[in-house]
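Quick one: this structure, given as structure tokens, is what I'll be asking you about.
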Amino acid sequence: MATSTTKPAFKNICVYCGSSPGTDDRYVAEATQLGGLIANADMGLIYGGGDRGLMGAVARGVLAGGGKVTGIIPTFLIKREQEHGADELAGADMIEVPDMHTRKRMMFDRADAFVALPGGIGTLEELVEILTWSQLGQHDKPMVLLNSGGFWTPYSELMDHMEGAGFLHSPHRARPLMSDTVEGIIPALQAA
Ligand code: AMP
């Protein structure tokens, strides 16, 4: 793990992302790369504890870089993973919680900053919740979306639409920072 002279501004980064790999190979590659960069920056990963899709890729990327991974996973998802014969993510610290609400709360509490990679409605729900709490003034933790090949551009367009229709209370808070590159994510968080 890096012992760089740059002291990390954040201890722990929470990454929200798909439990699927997606159809473009770049998604898994970028998730793995982000994991390596988190480890290199001496930050810990907080994530949902899954071992499949982009979730597994980012966690493996951190572990391969010698970093610390904390997965927070509800009991019913552990059972589902076991039924699917998922491998253990050796080296990760897994915390079992009773339900999704406990998990989301714990992920929020432990994280200093958030990243969303491509994903499905689970990822969307998680990132929107963080932005909603920010809009309500409940926290100031930054969020960056990795706009892989324009993946999150429709989210920006939806925000434009809502703002135009007069429904966004604090437009800048509903709009996360966007990065077109994996390398841009941590600098964007640190500059926020
Ligand atoms: P999605 O973007 O719909 O794939 O959902 C991603 C989110 O769904 C994750 O952050 C988790 O909250 C949850 N999730 C779905 N499947 C799993 C799984 N097998 N293990 C852990 N979390 C999962």
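Using only the alpha-carbon atoms, how far is helix 100-110 inclined from the longest principal axis of the chain? Give it as 0 to 90 degrees, nearest 10.
So the inclination is approximately 90 degrees.
Sort largest first and round to whole Å: the equivalent ellipsoid semi-axes of region 7-76, each the square root of five times a Cα gyration tensor eigenvalue.
That gives 19, 15, 9 Å for the three semi-axes.
How big is the charge dipole of region 35-179 about its Cα centre, in debye rounded to the nearest 20, if each Lys and Arg gets +1 on its Cβ and each Asp and Glu gets -1 on its Cβ?
100
Give me the distance in nm between label points sitting 7 Å out from Cα along the Cα-to-Cβ direction at Met106 and His169, one decimal.
Going from the Met106 label point to the His169 one covers 2.9 nm.
Would you report the distance distribution of C-alpha pairs in region 147-192 as whole percents per 10 angstrom bin, up to the bin with the largest distance?
Once binned at 10 Å, the Cα pair distances of region 147-192 give 26, 45, 27, 3.
Would you kindly state how much longer the chain becomes between Trp133 and Thr153 on full extension, computed as 0.36 nm times their sequence separation minus their alpha carbon distance, in nm to one decimal?
Taking Trp133 through Thr153 to full extension adds about 5.0 nm, to one decimal.
With every atom except the alpha carbons ignored, what do you get for Rg and Dmax of the chain, in angstroms?
For the chain, the Cα-based Rg and Dmax read 16.0, 49 Å.
Continuing with the same structure: Per residue, how much accessible surface does the chain expose to a 1.4 Å probe? Answer in Å², no decimals.
50
Here's a follow-up. Quick one: pull the percent of accessible area on region 12-191 belonging to carbon and sulfur, 1.4 Å probe, ligands and nucleic acids left out.
53
The values are calculated or read from the model by the stated rules, or taken from the named source; none is laboratory data. Since the model is a prediction, treat every value here as computed from it, not as a measurement. Cβ sites come from the backbone with ideal geometry, for glycine too, and all protein chains shown count toward neighbours. Keep in mind that these areas ignore ligands, DNA and RNA; they rest on the heavy atoms of the full protein, side chains included. Shrake-Rupley method; radii C 1.70, N 1.55, O 1.52, S 1.80 Å.
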